[in-house]
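Here's the structure we're looking at; comments come further down.
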Amino acid sequence: IAIRTTLGAPELVSVDPNQLSQVLLNLVANARDAMPEGGALAVETSCAVLPRELGEPRLHTRIRVRDSGHGMDETTRSRIFEPFFTTKGNRGTGLGLATAFGTIRQSGGHITVDSAPGRGATFDLYLPLVDVSLPPDAPSSRVPVAGARADARRILVVDDDTGVRKMIVRALQNAGYET
C-alpha cells in the first residue's frame, strides 16, 4: 500500500488526542482491509468550509482519509456508522466506524463518506476551529523537556496490529521521521 500524507492545516481544534488517534487508526485499518492486493492511501489535512448540508458553512479543519479500495454500494454506505454493522463477517465487530462517528460528533464535528463500488472511499472529518487569540506578550505554552534536542525527529510507534503499525511507520518515514 502506497501511503501519502499532506498536512496543510495548522489550526487548532478541540478534540481528545487519544480518541482522534483511535478514529484515524480505525479509518486506516478499514482502508487497509479494503485493499487486500494493495493500493493507495492518502491522509490529508486542510482548512475547509463545512458543507451547507452539515450545518452553518464555517471554516473547519478537514482531515481526509482516502483509499483506492473496492468501495461501497449505497446500502453499505448508508449503514456504516451503525453500531455492530460490519462487512467483515467474524473479523469485525462493527464498532470502529460507529465509535469514530460518536467521537467526531462529541467534538462538535462531522464525518462524511463518499464511495462507490470500484472507486474506493473518502472519509472527511470536519472539526471546528478553536479561537485562541492570545495577547502578543503572552508567555509560551511550550515546556522544554530535559535532555530533548530541538532537532529530534525520532518517533516510537507501538501498536498491537502489525499491519497498522507498519503503515504508520511507513507514513512517518515518508514524512522524514526516524522510527
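The values are calculated or read from the model by the stated rules, or taken from the named source; none is laboratory data. No experiment lies behind these values; they were computed from the predicted model shown. Note that each Cβ is placed from the backbone with ideal geometry, even for glycine, and that neighbours are counted across all protein chains shown.
Quick look at the values:
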item: Tabulated pairs, segment 52-74, first within 25 Å of residue 108 (Cα to Cα) and without any contact (Cβ under 8 Å) to a residue 12 or more places away in the chain, second aliphatic (A, V, I, L, M) and not in a helix (DSSP H, G or I), C-beta under 9 angstrom, 6+ apart or interchain; result: 56/50; 57/49; 57/50
item: Residue 61, sole failed condition from (1) buried (at least 17 other Cβ atoms within 10 Å of the Cβ); (2) under 19 Å from residue 164 (Cα atoms); (3) among the hydroxyl-bearing types (Ser, Thr, Tyr); result: (2)
item: Residue count, segment 117-148 (criterion: at pLDDT 55 or above and of a type in the set (Lys, Arg)); result: 1
item: Single condition residue 75 does not satisfy, out of (1) more than 27 Å from residue 11 (Cα to Cα); (2) surrounded by 15 or more Cβ atoms within 10 Å (Cβ to Cβ); (3) among the hydroxyl-bearing types (Ser, Thr, Tyr); result: (2)
item: Qualifying residue in segment 31-40 (condition: exposed (fewer than 15 other Cβ atoms within 10 Å of the Cβ) and in a strand (DSSP E or B)); result: no
item: Odd one out for residue 26, checked against (1) in contact (Cβ under 8 Å) with a residue 40 or more places away in the chain; (2) closer than 23 Å to residue 116 by Cβ; (3) in a strand (DSSP E or B); result: (3)
item: Every residue from segment 149-179 that is surrounded by 14 or more Cβ atoms within 10 Å (Cβ to Cβ), among the aliphatic types (A, V, I, L, M) and at pLDDT 80 or above; result: 157
item: Matching residues in segment 30-59 - criterion: being touching a His at 6+ places or on another chain (Cβ under 8 Å) and either among the small types (Gly, Ala, Ser) or under 18 Å from residue 101 (Cα atoms) (or both); result: 34, 48, 50, 54, 55
item: Residue match in segment 88-105 (condition: exposed (fewer than 15 other Cβ atoms within 10 Å of the Cβ) and under 18 Å from residue 125 (Cα atoms)); result: yes
item: Close pairs from segment 79-95: first among the aliphatic types (A, V, I, L, M), partner surrounded by fewer than 12 Cβ atoms within 10 Å (Cβ to Cβ), Cβ under 9 Å, at least 6 apart; result: 95/84
